[in-house]
1. Name the single residue, out of those in segment 49-70 being charged (D, E, K, R) and loosely packed, with under 12 Cβ neighbours inside 10 Å, that is nearest to Met1 (Cα to Cα).
2. Name the pairs whose Cβ atoms lie under 8 Å apart, with the first residue in segment 30-58 and more than 17 Å from Ala8 (Cα to Cα) and modelled with pLDDT under 90, the second exposed (fewer than 13 other Cβ atoms within 10 Å of the Cβ) and of a type in the set (A, V, I, L, M, F, W, C), and 6 or more positions between them or separate chains?
3. Within segment 29-44, is there a residue that is assigned to a loop (DSSP other than H, G, I, E, B), out of contact with any Leu (no Cβ under 8 Å at 6 or more places or on another chain) and either surrounded by 14 or more Cβ atoms within 10 Å (Cβ to Cβ) or not polar (S, T, N, Q) (or both)?
4. With the requirement that a residue be of a type in the set (Gly, Ala, Ser) and either buried (at least 17 other Cβ atoms within 10 Å of the Cβ) or over 13 Å from the mean Cα position of the chain (by Cα) (or both), what does segment 1-28 give you?
5. So, in segment 66-82, exactly how many residues are in a helix (DSSP H, G or I) and free of Cβ contacts under 8 Å to residues at least 24 places away in the same chain?
6. Determine which member of the set Leu34, Leu49, Leu74 is on the phi < 0 side of the Ramachandran plot and in contact with a Gly (Cβ under 9 Å, 6 or more places away or on another chain).
7. With the condition kept exactly as written, say whether any residue in segment 36-47 is more than 14 Å from the chain's Cα centre (by Cα) and among the β-branched types (Val, Ile, Thr).
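The values are calculated or read from the model by the stated rules, or taken from the named source; none is laboratory data. Quick caveat: nothing in here was measured; it's all calculated off a predicted structure. In this analysis, Cβ positions are derived from the backbone assuming ideal geometry, glycine residues included, and neighbour counts consider all displayed protein chains.
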Amino acid sequence: MEFLVASAIGVMTAGGLYLVLRLRTFPVILGISLLTYAVNVFLFASGRLTVGAPPVLVDGVETYTDPLPQALVLTAIVISFGMTAVVVMIALGSFLGADDDHVDDQPEEDEDDAQAEGQQ
């Protein structure tokens with residue numbers, strides 16, 4: 001079970017990094033979301049991967065699940081959803097303002113350079 005979860009975290013991280021390095025805004029947003037999912041699964045897995053174990057320690061129970069990573073993941077989900085909404089709105093405003101969704105700015109030629117090339 002641990003190998004499966006660790007492999008899923010690795011695949012999500014690799015896919016997220018690949019998408020973050022793209023030149024368009026939509027894949028970058030998807031990549032950031034995929035990276036946050038990978039971090040959330042990693043945090044959740046840090047609280048022990050047990051099935052049917054209680055989240056608090058009571059008398060007579062030897063195995064339990066730590067509730068702190070569960071609370072951290074719930075908080076991280078809410079924060080990542082809000083930040084994704086903000087980034088989508090920023091990307092939408094950038095696309096509507098420039099009619100282009102490239103992440104990096106394309107260098108524009110100066111008018112003086114264009115005139116100098118035209119005279120030669």
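1. Glu62
2. As it stands, the answer is Ala53/Val61; Pro54/Val61, since those pairs meet every condition given.
3. no
4. Ala6, Ser7, Ala8, Gly10, Gly16, listed by residue number.
5. 9
6. Leu34
7. No, the conditions are met nowhere in segment 36-47.
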